[in-house]
Amino acid sequence: MIKKYTIGSPIETFAVVKKLTSEPKESFPLSLETGEKTVISFEIGENDAVYGLGEASRGINKRGWVYESWCSDETNHTEDKKALYGAHNFIVVSGKKKFGLFVDFPSKIEWDICYSKTNEVKITLFGGDADLYYIDGETERGITREFRELIGKSYIPPFWAFGYQQSCWGYAKQEDFFGVRDSHRENNLPLDCIYMDIDYMDAFKDFTVNHELFPDFESFVSDMKAHNIHLIPIIDAGVKKQTGYSVYDEGHEKGYFCKDEDGNEFECGVWPGIVGLPDFLNKDAREWFGSQYKTLTDMGIDGFWNDMNEPALFYSVKGLKKAHKKLDELRKKDIDIWSFFGMKDAVLGVQNSMEDYSSFYHSTDGGRVCHKDVHNLYGAFMTKAASDFFEKEFGSEKTLLFSRASYIGAHRGSGIWFGDNFSWWSHILLNLKMLPSVNMCGFLYCGADLGGFNNNCTEDLLLRWLALGVFTPLMRNHRALGTRAQEAYQFEHTEWFADVLAVRYRLIPYLYKTFRRCADEGDMMFRPLAFDYPDDEIAKQVEDQLMLGDECMIAPIYEQNKNGRYVYLPEDMTLVKLSGEKIEKQKLSKGLHYIEVKLSEVPLFIRNGKQIPLAAPALNTAELRRDELIFI
Ligand code: MIG
């Protein structure tokens, strides 16, 4: 049972599709203080758990830390971090009493989840206008389902988006892409997509192609298509401020960029140099930006990833000038440690600064709005610009789209990826932990950069990570410029990679069917064990295994130099090890087991009395025989 409570006069966020009448706020079931800030607080039991918050650091059970909803370009996903790229304001409290809470509020929120006080949850909204939704229910999964009904059906990508995908910040010329395609083929490695990072553009200008690198882009795209490869270009939020560049000229003329206090275009620096930030909160600007994707779709492109849309600001023109001034002052002073720290702060402080986010404005239907009050909607509305356009132009399920920044609501038009992780073993586990949390918030099409974005990857790390990635709807290997090459064919035992990637294609019919069902029913594809075995005290503690669909449990290996791992079985299950064409089965009873898994194998557990279909391995989704299945 969902109840809505309205405080002040909130701005339309598009998060919710089911319109409810607000109850009197005096009847809100938790302690509520209103004013300049809004504070919700409540006590929970010693052994109660709190789930949700989507893309965030730390555990599946969010207890014991303070999180922030503030879409951030945060490249270090370490435990000290409060905020990552998404703002996903939904939690489920699981104790004797179970309930869900969705805070529909687009600015900063602090979630003190038993951080200051062991048994108290305190949620502080930095503003006085919000819609609160309280959901009563019997089970965590049921509460989540009800919430998902409130926020509407999740995005479903085209079928081919379930294939294996290769990306790298650094692929530039046409030959790089042919090389990736051919090297996969030559090594018997399947592949459906290759990503185009910022270097395909002309001077990082959105919706342009560098013609020196791609003399005939359209035939390049169709040549790739003929080999069953989809090219997926990146689109950044900022539009290069350059007279003569038609996208900028048009946006400028129509007044579609965010303005500063004085009504001038807000200027900041990102990859293209100085950019204008499209005012995605303005309906006309949004439609205009969405229609720009046509330049690329007209040339055969059918998928995109939206980046830098928190928005990430390397600096603002004003902020950089201020920093320079500060440095000039410091230069005149003694060379002491205080001037050193002053210099560091002046320089590092220019990036993604609150001062900048507080100094530009959107023009919405409801008038001028300061960016900081709607910050968490920016990326979501950029993505809405694109997804509304694709829906209108091509209908649903035709275009692949995912975003870095997001807010609940964006899950109806796109997926997300988890941003700039590291080639660290601990990030395999972080990847796993985020899956159920983002599923709760409606994001089903999602995944992390497999092999890790920052840092150098190793063969064993990539193999183990792929053995988790074979289950995630978005299965993409991506890395940063200047890091060790990590395409599957770059390592010694290419055949092990072929064996692991073959398993993905064998599983696609099952994964796709499960995905669709979860979208249709508002269900989670990945669940903590606690959701399925609420009376099993051990299962409730497990944070390195997940339930997948109604049939499976997964337990990847996430430590180096291990030949296996301990797995807790909350009921009798069959361990299945998949590798290439090989299937090895072993019945195991409820309890703790050490299982050995080779680097070329993918372990999977099937619940008692359940079965899953497997296809024959294929080199891409177009060649996958979806109708010829065996069951295990
Ligand atoms: O400032 O486009 O998260 O996936 O490769 C870095 C270059 C900008 C950040 C994205 C990453 C992408 C990179 N981008």
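Read-outs throughout are calculated quantities, based only on the coordinates presented, and are distinct from any laboratory measurement. Given the structure is predicted, the values throughout are model-derived calculations rather than measurements. All Cβ positions, glycine included, derive from the backbone under ideal geometry; neighbour counts span all protein chains shown.
Ordered from longest to shortest, the equivalent ellipsoid semi-axes for segment 429-486 are 22, 11, 9 Å, each the square root of 5 times a Cα gyration tensor eigenvalue. On the principal axes of its alpha carbon atoms, the chain extends 69, 65, 57 Å, with the longest extent given first. Percent of Cα-Cα pairs more than 19 Å apart in segment 1-97, please. Cα-Cα pairs in segment 1-97 separated by more than 19 Å: 56 percent. Once both labels are positioned 7 Å from their Cα atoms along Cα-to-Cβ, the gap between K294 and R368 label points is 3.2 nm. Among 509-521, 299-311, the peptide with the highest mean count of other Cβ atoms within 10 Å heads the list, and the full ranking is 299-311, 509-521.
Quote to one decimal, in nm, the extra length available between V317 and L348 on full extension: 0.36 nm per residue of separation minus the C-alpha distance between them. Answer, rounded to one decimal: 9.7 nm. Calculated mean residue ellipticity, 222 nm, the chain: -8000 deg cm²/dmol, from DSSP H runs (n ≥ 4) at -39500 (n - 2.57) each, averaged per residue and rounded to 500. Descending by average beta-carbon neighbour count within 10 Å, the peptides 149-156, 448-455, 207-214, 162-169 line up as 448-455, 162-169, 149-156, 207-214, the highest first. Annotation: aspartates and glutamates with alpha-carbon distance below 18 angstrom to K4 (same-chain offsets under eight excluded): E12, E23, E26, E33, D104, D129, D131, D136, E146, E149. Dipole check for segment 1-121: with +1 at the C-beta of Lys and Arg, -1 at the C-beta of Asp and Glu, and the Cα centre as origin, the magnitude is about 500 Debye. Under conditions of 37 °C and 0.692 mPa s, segment 251-395 yields 194 µm² s⁻¹ as its translational diffusion coefficient, taking Rh as the Kirkwood radius over Cα pairs in the Stokes-Einstein equation. Kirkwood Rh over alpha-carbon pairs of segment 252-319, then Stokes-Einstein at 20 °C and 1.002 mPa s: what D in µm² s⁻¹, rounded to an integer? The diffusion coefficient I find is 160 µm²/s.
The phi-based Karplus calculation (6.51 cos²θ - 1.76 cosθ + 1.60; θ = phi - 60°) puts the 3J(HN,Hα) values of segment 534-550 at x, 9, 9, 5, 6, 3, 5, 8, 6, 10, 10, 9, 9, 7, 10, x, 9 Hz, whole numbers, x for Gly and Pro. Short-range pairs are left out: with C-alpha atoms under 8 Å and at least six residues apart, the relative contact order of the chain is 15 percent. Across the alpha-carbon set of segment 373-473, the Rg to Rh ratio works out to 1.03, Rh being the Kirkwood radius.
Based on the Stokes-Einstein relation at 4 °C and a viscosity of 1.567 mPa s, and on the Kirkwood radius from alpha carbon pairs, segment 511-594 is assigned a translational diffusion coefficient of 91 µm²/s. In terms of Cα atoms, the Rg and Dmax of segment 460-558 work out to 15.8, 49 Å. Restricting attention to the chain, close to 75% of DSSP beta bridges with both partner residues there are antiparallel. When the GluC sites (Glu not before Pro) in segment 538-630 are filtered for DSSP coil states and for at most 14 other beta-carbon atoms within 10 Å of their beta-carbon, the remaining sites are E559, E581, E628. Applying 0.36 nm per residue to the separation of T243 and K283 and subtracting their alpha-carbon distance, the gain on full extension is 12.0 nm.
Rounded to the nearest 20, the Cβ-based charge dipole of the chain about its Cα centre (Lys and Arg +1, Asp and Glu -1) stands at 940 debye. Quick one: which of K240/K333; K18/K398; K384/K540; K19/K433 span more than 28 angstrom between C-alpha atoms? Too far apart for the 28 Å limit: K240/K333; K384/K540; K19/K433.
Treating r as the C-beta distance of S116 and S219 and R0 as 60 Å, the FRET efficiency rounds to 0.50. Applying 1/(1 + (r/R0)^6) with r as the Cβ-Cβ distance of E581 and H227 and R0 = 25 angstrom yields a FRET efficiency of 0.60. Which of F491, T118, F314 sits closest to the plus end of the dipole of the chain, meaning its Cα is farthest towards the positive end, when Lys and Arg get +1 and Asp and Glu get -1 on the C-beta? Toward the positive end, the furthest listed residue is T118.
With a simple spin-label model that places each label point 7 Å from the Cα along the Cα-to-Cβ direction, the separation between E212 and D262 comes to 3.7 nm.
Taking the Cα centre of each part, how many Å lie between segment 315-391 and segment 136-174? So the two Cα centres are separated by 30 Å. Of all lysines in the structure, the ones whose alpha carbon falls short of 17 Å from that of K585, not counting any fewer than 8 places away in one chain, are K577, K598, K610.
With each label modelled as a point 7 angstrom along the Cα→C-beta vector, the E571-T78 pair spans 4.2 nm.
When you filter the GluC sites (Glu not before Pro) in segment 35-129 for DSSP loop state and at most 10 other Cβ atoms inside 10 Å of their Cβ, you are left with E36, E46, E79.
Loop-resident GluC sites (Glu not before Pro) (DSSP state other than H, G, I, E or B) in segment 390-461 with no more than 16 further Cβ atoms inside 10 Å of their Cβ: E397.
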